[in-house]
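This report refers to the structure that appears directly beneath it.
The values are calculated or read from the model by the stated rules, or taken from the named source; none is laboratory data. Everything quoted here is computed from the prediction, not taken from an experiment. Neighbour counts run over all protein chains shown; Cβ positions are idealised from the backbone, glycine included. Just so you know, the surface numbers come from the protein's heavy atoms only, side chains and all, with ligands and any DNA or RNA stripped out. Shrake-Rupley method; radii C 1.70, N 1.55, O 1.52, S 1.80 Å.
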Amino acid sequence: MSNLVRFGVSLEEDLLVKFDNHIKKHKYTNRSEALRDMIREELVKKEWTENKEVTGAITLVYDHHTRELVTKVLDVQHDYHACILSTQHIHLDHHNCFEIIVTKGKSKEIEELYQKLKSIKSVKHAGFMMATKGKDLP
Ligand code: NI
């Protein structure tokens, strides 16, 4: 673990009020922890824009009765098998399925996989969560 360094920050009062409201809303106990999280979030975004090795999750909601939809969803996943770690399929009810696809690989490839799944006709909802492998993040 690296050394803890203190530094002063000058902010407009209005901006500080907004920051403190944000902290309260998100249940942070102090400004430092909130700031650390914001910095980490930006660094993870940077990993994604620079096409680094990352992890992430894709979620899908679809009706498995829709003709050929399951085949299309599976075909795309097989095309990207190298960056899929696992897939969890949950039967929500008689018609609807919820799928969580856990990915690891180059960010551009994962984004491409997400766009291909999202754009399949009749997919009711597609979600995307960027994450990091964590090794370059203190
Ligand atoms: Ni199902």
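Brief remarks follow.
- Test: residue in segment 28-44 that is open to solvent by 50 Å² or more (accessible area, probe 1.4 Å), in a loop (DSSP other than H, G, I, E, B), outside the structural domain of A126 (by TED's automatic domain parsing) and not aromatic (F, W, Y): yes
- Scan segment 58-73 for residues that are out of contact with any helix residue (DSSP H, G or I) (no Cβ under 9 Å at 6 or more places or on another chain) and within 13 Å of F98 (Cα to Cα) and the total you get is 3.
- Y62 satisfies every condition listed in (1) closer than 30 Å to D37 by Cβ; (2) in a strand (DSSP E or B) except (1).
- All told, G56 meets the bar of being part of a strand (DSSP E or B) and either away from the ligand (no atom under 16 Å from the Cβ) or not hydrophobic (A, V, I, L, M, F, W, C) (or both).
- Within segment 62-71, tally of residues that are under 14 Å from L117 (Cβ atoms) and near the ligand (Cβ under 10 Å from one of its atoms): 2
Yes/no matrix, rows are residues, columns are (1) of a type in the set (D, E); (2) within 20 Å of K135 (Cβ to Cβ):
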{"residue": "F7", "(1), (2)": "no, no"}
{"residue": "V73", "(1), (2)": "no, no"}
{"residue": "H91", "(1), (2)": "no, no"}
{"residue": "E99", "(1), (2)": "yes, no"}
{"residue": "T103", "(1), (2)": "no, yes"}
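- Subset of segment 72-110 that is assigned to a helix (DSSP H, G or I) and open to solvent by 80 Å² or more (accessible area, probe 1.4 Å) - its residue that is nearest to the ligand (Cβ to nearest atom): L74
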